[in-house]
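J.: Right, I'll just put the structure down here and ask away after.
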Amino acid sequence: MKSAVENLSPTRAKLTVEVPFEELKPSLDAAYQKIAKQINVPGFRRGKVPPAVIDRQIGRGPVLDEAINAVVPQQYMAALQEHDLEPLAQPEIEVTKFEDNESLEFTAEVDVKPDFELPSYEGLEASVEDVEISDDDVDEQVEALRERFGTLVPVERAAADGDFVTIDLVAAKDGETVEGGEVTGMSYKVGRGGMIDGLDEALVGLSAGEDATFDSELVGGGLVGEPVQVTVKVSAVQEQQLPEYDDEFAQLASEFDTAEELTADVRERLGRGKRLEQAAAARDAVLEALLEKVEIPLPEIMVTDELNARRANVEQQLAMAGITMEKYLEDEGQTTEEFEADLERRVRDAVAAQFILDKIAKKEEFGIDQAELSEHLVRRAQQSGQDPQEFANHMFEHNHIPELVQEILRGKALATIVEAATVKDASGNVVELKNLRPDGTIGEPVAEEAADEAAEETTEDGADEAAPEDGKA
């Protein structure tokens, strides 16, 4: 096989491949055997029809086509390896020359990973916001805990913010109730929001047995965004009574004996969460600092596909939350143009980050063992709300395991550059990232140091046993 490559752009290549006819012969033999099993010829058993008889019965053309269809993918993959190209999509293949008993020539155009100089990723610097836990943050968590143990008591008065009401609700358009626009006996907390615009304002001041009508827009169904008239009737008003925040409550709601201890634990848990948020921000800041050091040409088809996927995901999430895109942009203070520009910027950064992390993983020669893959499968299943075994079966059946492996390798590459970076908060303090645990606590690097010392002692003792296999893929 002879092959040549032409770079049509930094992210698209054209392979020209020439295959001598001799290299087609094994595929021709296999094609004859396959066709022999598919046809019936008087005087011959199925599968035992000689090639010459097949040529007379159905012609040489179908055999040659079968052989070409088998050879081209094999030779295409060989050409990719020869020129060290990594494809990003299916190729566009065209057979440009072929005659019986002569060489086969074909071309393959395909998007490929761009070639770029990997910048230094040692000692990157980035900054993040301070971890701040205000008394208001703690009070909010304490209040939420009290509400979990609160009781609802019926009251003979008009509804106010914070009350729980039982309501019937009907949405109508042009005097006709819209499909899915009617609910009965629903419990709702006044002031909670997120259901339908104008509902909270209409409920305040209504007593049991009273109703109100107001104009709004539908947030779900086939008439999203359509103006409707909503009538809401209150059948009961209940006031939520919260328990006193004292030592007795602490013993009821937690493993602590005093309210002071419970408050301290709430603050500690908030700190862990804030620390994880800070770590995520640090990761993004370090990656952004690395991306600023290199220009990576991006395949536009890949960018467009990712852009469409992310846009569709945003729209789906908004629909599930009952929010229109117009409402979302209004709340965010963005125009459609600003939203699209921001989305495209983030997509381009994400695609570039994939390429650079893949290159780091390759340079560092990272491997993956079965335990890491299993753990990643379980985590991905939990994120998508699926059964881990069913999720794993789906991934294997649809050949998505290489994608998961790539995700793990990118994670290792990202951890490498983040842990080697110097990240400081707004107050100038170095942010601990290397020993940050998944629960937000900071671990001690004792185990790692002990392992290093043990390795040194083993070397000094002259131990010569072979290292156990690590199961790397």
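The values are calculated or read from the model by the stated rules, or taken from the named source; none is laboratory data. Only a predicted model underlies this, so the values are computations on that prediction, with no experimental measurement involved. Cβ coordinates were reconstructed from backbone atoms using ideal geometry, including for glycine residues, and neighbour counts include every protein chain displayed. The accessibility values were calculated without ligands, DNA or RNA, using every heavy atom of the protein model including side chains. Shrake-Rupley method; radii C 1.70, N 1.55, O 1.52, S 1.80 Å.
J.: Among what's in the stretch 270-298 and is touching a helix residue (DSSP H, G or I) at 6+ places or on another chain (Cβ under 8 Å) and not β-branched (V, I, T), pick the residue that is surrounded by the fewest Cβ atoms within 10 Å (Cβ to Cβ). Lay out the reasoning, then the answer.
T.: Kept after step one, since they are touching a helix residue (DSSP H, G or I) at 6+ places or on another chain (Cβ under 8 Å), are these residues of the stretch 270-298: 270, 282-283, 286-288, 290-291, 294, 296, 298.
With the extra rule that they be not β-branched (V, I, T), the set shrinks to 270, 282-283, 287-288, 290-291, 298.
Values: L270: 18, A282: 22, R283: 19, L287: 23, E288: 13, L290: 24, L291: 16, L298: 18.
The residue in question is E288.
J.: If you don't mind, another one. Please count how many residues of the stretch 340-370 are in contact (Cβ under 8 Å) with a residue 24 or more places away in the chain and more than 20 Å from I301 (Cβ to Cβ).
T.: Count: 11.
J.: For S374, which of the numbered conditions (1) open to solvent by 70 Å² or more (accessible area, probe 1.4 Å); (2) modelled with pLDDT of 90 or more fails to hold?
T.: Unmet condition: (1).
J.: Could you please find all residues in the stretch 221-275 being acidic (D, E) and more than 41 Å from the chain's Cα centre (by Cα)?
T.: In the first step, residues of the stretch 221-275 are kept if they are acidic (D, E); the result is 226, 239, 244, 246-248, 255, 257, 260-261, 265, 268.
Once the filter is applied, which keeps residues that are acidic (D, E) and more than 41 Å from the chain's Cα centre (by Cα), the stretch 221-275 yields E239, E244, D246, D247, E248, D257.
J.: Further question on the same structure: What residue, of V138, V228, V155, V204, is β-branched (V, I, T), touching a helix residue (DSSP H, G or I) at 6+ places or on another chain (Cβ under 7 Å) and either touching a residue at least 24 places away in the same chain (Cβ under 8 Å) or on the phi > 0 side of the Ramachandran plot (or both)?
T.: Values: V228 fails: touching a helix residue (DSSP H, G or I) at 6+ places or on another chain (Cβ under 7 Å); V155 fails: touching a helix residue (DSSP H, G or I) at 6+ places or on another chain (Cβ under 7 Å); V204 fails: touching a helix residue (DSSP H, G or I) at 6+ places or on another chain (Cβ under 7 Å).
Every option except V138 fails the conditions.
J.: Identify all residues within the stretch 256-269 that are in contact with a helix residue (DSSP H, G or I) (Cβ under 9 Å, 6 or more places away or on another chain) and open to solvent by 50 Å² or more (accessible area, probe 1.4 Å); write none if there are none.
T.: Initial filter on the stretch 256-269 (in contact with a helix residue (DSSP H, G or I) (Cβ under 9 Å, 6 or more places away or on another chain)): 256-263, 266-267, 269.
Result: D257, E260, E261, R267, R269.
J.: I would also like to ask the following. N101 versus (1) in a helix (DSSP H, G or I); (2) open to solvent by 80 Å² or more (accessible area, probe 1.4 Å): which is the lone unmet condition?
T.: (1)
J.: While we're on this one: Among the numbered criteria (1) more than 30 Å from the chain's Cα centre (by Cα); (2) surrounded by 15 or more Cβ atoms within 10 Å (Cβ to Cβ); (3) part of a loop (DSSP other than H, G, I, E, B); (4) of a type outside the set (A, V, I, L, M), which one does F116 miss?
T.: Among (1) more than 30 Å from the chain's Cα centre (by Cα); (2) surrounded by 15 or more Cβ atoms within 10 Å (Cβ to Cβ); (3) part of a loop (DSSP other than H, G, I, E, B); (4) of a type outside the set (A, V, I, L, M), the lone unmet condition for F116 is (1).
J.: How about the stretch 299-331: which of its residues are in a helix (DSSP H, G or I), aliphatic (A, V, I, L, M), open to solvent by less than 60 Å² (accessible area, probe 1.4 Å) and out of contact with any strand residue (DSSP E or B) (no Cβ under 8 Å at 6 or more places or on another chain)? Before you say what the answer is, go through the steps one by one.
T.: Taking the stretch 299-331 first, the residues in a helix (DSSP H, G or I) are 300-320, 325-331.
Among the residues that remain, those that are also aliphatic (A, V, I, L, M) are: 301-303, 307, 309, 312, 314, 318-320, 325, 329.
In the following step, the residues that additionally are open to solvent by less than 60 Å² (accessible area, probe 1.4 Å) were identified as 302-303, 307, 309, 312, 314, 318, 325, 329.
Across the stretch 299-331, the qualifying residues are V303, L307, A309, A312, V314, L318, M325, L329.
J.: When you go through (1) buried (at least 16 other Cβ atoms within 10 Å of the Cβ); (2) within 30 Å of E117 (Cβ to Cβ); (3) of a type in the set (A, V, I, L, M, F, W, C); (4) touching an Asp or Glu at 6+ places or on another chain (Cβ under 6 Å) one by one for A89, which number turns out not to apply?
T.: It is condition (1) that A89 fails.
J.: Criterion first (out of contact with any helix residue (DSSP H, G or I) (no Cβ under 8 Å at 6 or more places or on another chain), among the polar types (S, T, N, Q), open to solvent by less than 80 Å² (accessible area, probe 1.4 Å) and under 30 Å from E244 (Cβ atoms)) does T177 satisfy it? Can you show your working first?
T.: Details: out of contact with any helix residue (DSSP H, G or I) (no Cβ under 8 Å at 6 or more places or on another chain): yes; among the polar types (S, T, N, Q): yes; open to solvent by less than 80 Å² (accessible area, probe 1.4 Å): yes; under 30 Å from E244 (Cβ atoms): no.
Against the criterion (out of contact with any helix residue (DSSP H, G or I) (no Cβ under 8 Å at 6 or more places or on another chain), among the polar types (S, T, N, Q), open to solvent by less than 80 Å² (accessible area, probe 1.4 Å) and under 30 Å from E244 (Cβ atoms)), T177 does not qualify.
J.: Could you check Y76 against (1) within 25 Å of K14 (Cβ to Cβ); (2) touching a helix residue (DSSP H, G or I) at 6+ places or on another chain (Cβ under 6 Å) and say which number it fails?
T.: Unmet condition: (2).
J.: Another question about this same structure. Does the stretch 16-37 contain any residue that is over 20 Å from E102 (Cβ atoms) and assigned to a loop (DSSP other than H, G, I, E, B)?
T.: yes
J.: K233 - would you say it is out of contact with any Ser or Thr (no Cβ under 8 Å at 6 or more places or on another chain) and open to solvent by less than 70 Å² (accessible area, probe 1.4 Å)?
T.: Spelling it out, it is not the case that K233 is out of contact with any Ser or Thr (no Cβ under 8 Å at 6 or more places or on another chain) and open to solvent by less than 70 Å² (accessible area, probe 1.4 Å).
J.: To continue, here is another question. Right, L8: in a strand (DSSP E or B), aliphatic (A, V, I, L, M) and open to solvent by 20 Å² or more (accessible area, probe 1.4 Å) or not? Working first, answer last.
T.: Working: in a strand (DSSP E or B): yes; aliphatic (A, V, I, L, M): yes; open to solvent by 20 Å² or more (accessible area, probe 1.4 Å): yes.
Answer is yes for this residue.
J.: Shifting gears a bit: Could you list, in sequence order, the residues of the stretch 180-199 that are under 12 Å from V165 (Cβ atoms), open to solvent by less than 30 Å² (accessible area, probe 1.4 Å) and either of a type in the set (V, I, T) or out of contact with any strand residue (DSSP E or B) (no Cβ under 9 Å at 6 or more places or on another chain) (or both)?
T.: Matches in the stretch 180-199: V190 only.
J.: Of everything in the stretch 389-435, what is open to solvent by less than 50 Å² (accessible area, probe 1.4 Å) and charged (D, E, K, R)? Give them in sequence order.
T.: Filtering the stretch 389-435 down to residues open to solvent by less than 50 Å² (accessible area, probe 1.4 Å) leaves 391-392, 395, 401, 404-405, 408-409, 411, 413-418, 420-421, 423, 425, 428, 431, 433, 435.
Residue satisfying the conditions is D425 alone.
J.: Right, A144: out of contact with any Lys or Arg (no Cβ under 9 Å at 6 or more places or on another chain), aliphatic (A, V, I, L, M), on the phi < 0 side of the Ramachandran plot and open to solvent by less than 60 Å² (accessible area, probe 1.4 Å) or not?
T.: Values: out of contact with any Lys or Arg (no Cβ under 9 Å at 6 or more places or on another chain): yes; aliphatic (A, V, I, L, M): yes; on the phi < 0 side of the Ramachandran plot: yes; open to solvent by less than 60 Å² (accessible area, probe 1.4 Å): yes.
Considered against the rule, which asks whether it is out of contact with any Lys or Arg (no Cβ under 9 Å at 6 or more places or on another chain), aliphatic (A, V, I, L, M), on the phi < 0 side of the Ramachandran plot and open to solvent by less than 60 Å² (accessible area, probe 1.4 Å), A144 comes out as yes.
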